[in-house]
Amino acid sequence: MFTFAKTVLKSFALVALLAGTSFAFTEGTDYVKLAKPIANAQGTLIKVFSYDCPFCYKYDKKITPNLVPKLPRDLKFRPFHLKTKGKYGVQGSELFAVLLLKDQKAGLSDRDLYTEKSLLKKAKMAYYTAYHDKKERWDAGPDAYLKTGLDAVGMTKAEFDKAKNDPQVKALLKEWDQSYDVAKIQGVPGFVVNGKYLIMTKNITSIDGMLQLINELKTK
Amino acid sequence: MKLSEMIGNVRSNPIGTISQWQDKRFLWIFMAVLSLFMVILAHSVFQIWLYMRPCEQCVYIRIAFFAMAFGGIVAALKPSNPGFKIVGYLFAIWGSFKGVLYSIKLNKIHHAAHSDDLFGVQGCSPEPTFPFHLPLDKWSPEWFKPTGDCGYDNPIIPDGAQLSSLQKAITDFYSEGWYLWPPAHFMNMAQCTVITFGVILLFLVVAAACWIVTLVRKRQTAAQTASASCHGKLA
């Protein structure tokens with residue numbers, strides 16, 4: 001009986017020791033390995049999002065702006081808009097892709113995408129507030145939808161129509177098409193490390209916990 | 001049967017009485033009608049008439065109610081037939097159990113959506129995954145395709161829709177989302193369905209247990225009488 005108690009005690013001590021080290025995250029509960037990894041995504045944290053998603057809005061208000069500046073230096077942050085969600089997902093993707101490239105051309109780094117300088121952020125927040133706070137549904141059609149974002153960044157429809165045919169925009173949109181296979185698993189927002197590991201949003205309990213997990217997955 | 005008589009029966013022989021109840025049609029039909037009423041209310045009144053769009057969990061809750069309705073109808077065909085009754089119990093218990101789980105999840109999402117505490121839930125899936133991978137949203141999009149946002153069930157009135165004064169009044173009443181009593185935000189949709197599913201599940205489990213106990217007792221008495229008559233013969 002005594003030896004049994006001792007064994008139990010020892011195993012508890014071992015578990016406590018292991019839990020204290022960095023092996024606290026488990027595959028299947030904290031993250032899943034993507035069956036179809038995102039191409040050319042080594043060294044990135046990808047955020048799959050949609051304007052038509054309340055939790056994306058919540059994350060972009062409270063979590064991501066605080067998370068991105070604290071990301072490890074060798075990890076690049078990349079937003080991917082999901083075109084298959086929402087009535088105007090396709091138009092949203094086109095506009096966000098145009099604005100992201102414009103931000104990059106203006107010299108903004110991935111860490112600046114949550115600053116006031118970012119056009120992407122301006123348009124995104126305009127859509128979030130219109131859709132989620134003001135319950136705007138743009139029943140008048142795609143042009144009405146585009147107007148909300150274009151007005152927020154001061155771009156004309158003609159400028160946008162020209163910019164969206166840029167081969168770089170097209171290439172980015174093609175990359176973003178991979179969002180669907182990620183979003184299918186647990187919805188959006190979805191965070192993917194190195195294009196391979198999808199974080200289970202449900203089990204995120206704090207920004208620091210999320211950073212720890214990202215750091216661990218990065219080296220995998 | 002008078003109410004006083006019924007209460008007397010439950011007191012003197014609770015297991016036997018409940019077992020008798022589930023041998024009759026009434027409760028099975030009651031459950032089926034209640035389940036169908038809930039789904040039709042959600043679809044035809046709240047979704048179609050009042051423009052409150054169903055979310056992912058909401059369409060799962062519908063399938064749970066449909067399973068209970070189906071189970072109730074099958075059992076009600078002939079409640080004394082064990083085969084029908086077992087099918088009835090399986091569908092109804094499965095439906096109400098899943099219903100409780102879906103409702104708890106929806107309640108968590110609802111809480112996260114309406115507060116700053118957004119950890120612990122996952123986002124909204126762009127497409128539903130139904131039990132057994134049934135493509136219900138393809139078969140019947142109007143009933144099973146989620147078009148709403150998780151955690152938000154306030155009416156969204158399309159531009160140009162002509163509302164009657166009654167529609168206008170009710171959509172205004174629910175403008176901050178569905179609550180049993182909207183002005184006080186008292187009991188959201190998920191909390192109401194979890195109670196409905198939970199009560200029915202509890203009742204089903206108790207009724208099934210009473211049925212099984214009664215069957216076992218009957219067997220034992222039959223065996224005792226048989227062995228008693230055997231002894232009688234030997235003597």
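The numbers here are math on the coordinates, done by the rules we state, and not lab data. If you're wondering where the values come from, they're calculated on a predicted model, not measured in any experiment. Here the Cβ positions follow ideal geometry from the backbone for every residue, glycine too, while neighbour counts run over all protein chains shown.
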Using θ = phi - 60° and Karplus 6.51 cos²θ - 1.76 cosθ + 1.60, couplings along the range A:203-211 (whole Hz; Gly, Pro as x): 9, 6, 10, 6, 5, 5, x, 5, 5
Between the range B:161-235 and the range B:54-78, the alpha-carbon center distance in angstrom: 13 Å
Cα-based helix-to-principal-axis angle, A:119-128 vs chain A, degrees rounded to 10: 80 degrees
Semi-axis lengths (Å, descending) of the ellipsoid that matches the C-alpha gyration tensor of the range B:1-130: 35, 17, 15
Under-5 Å amide H pairs with B:ASP153, H placed in peptide plane, nonlocal only: B:TRP178
Where N is the number of residues in the range A:95-220, Cα Rg divided by 2.2 N^0.38 Å: 1.20
Helix B:56-77 axis, angle to chain B major axis (alpha carbon atoms, nearest 10°): 30 degrees
Total charge dipole magnitude, the range A:41-218, about the Cα centre, Cβ charges on Lys, Arg, Asp, Glu only, Debye to nearest 20: 180 debye
Inter-label distance, nm, simple model (7 Å from Cα along the C-beta direction), B:LEU3/B:HIS133: 5.2 nm
With Cα atoms, 0 to 90° folded angle of helix B:82-113 axis to chain B main axis: 30 degrees
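With 10 angstrom as the radius, rank A:PHE80, A:PHE55 by how many other C-beta atoms surround their C-beta, starting from the fewest.
Working: A:PHE80 28, A:PHE55 25.
Lowest count first: A:PHE55, A:PHE80.
Against the globular-protein guess of 2.2 N^0.38 Å, express the Cα radius of gyration of the range B:21-209 as a ratio, rounded to two decimals.
Details: Rg = 17.5 Å, N = 189, 2.2 N^0.38 = 16.1 Å.
Rounded to two decimals, the normalised Rg is 1.09.
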Sparse-neighbourhood loop sites, trypsin sites (Lys or Arg not before Pro) in the range B:162-234 - DSSP loop, at most 10 other Cβ within 10 angstrom: none
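Taking neighbour Cβ counts within 10 Å as the exposure measure, how do A:MET125, B:MET31 sort from fewest upward? Intermediate values should be presented prior to the final figure.
Details: A:MET125 17, B:MET31 24.
Lowest to highest Cβ neighbour count: A:MET125, B:MET31.
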Pair B:VAL33, B:ASN81: separation of 7 Å Cα→Cβ label points (nm): 2.2 nm
Amide H within-cut-off set for A:GLY195, under 5 Å, with H built and near neighbours excluded: A:THR44, A:ILE46
Helix-only CD estimate at 222 nm, as mean residue ellipticity for chain B, using -39500 (n - 2.57) per DSSP H run (n ≥ 4): -21500 deg cm²/dmol
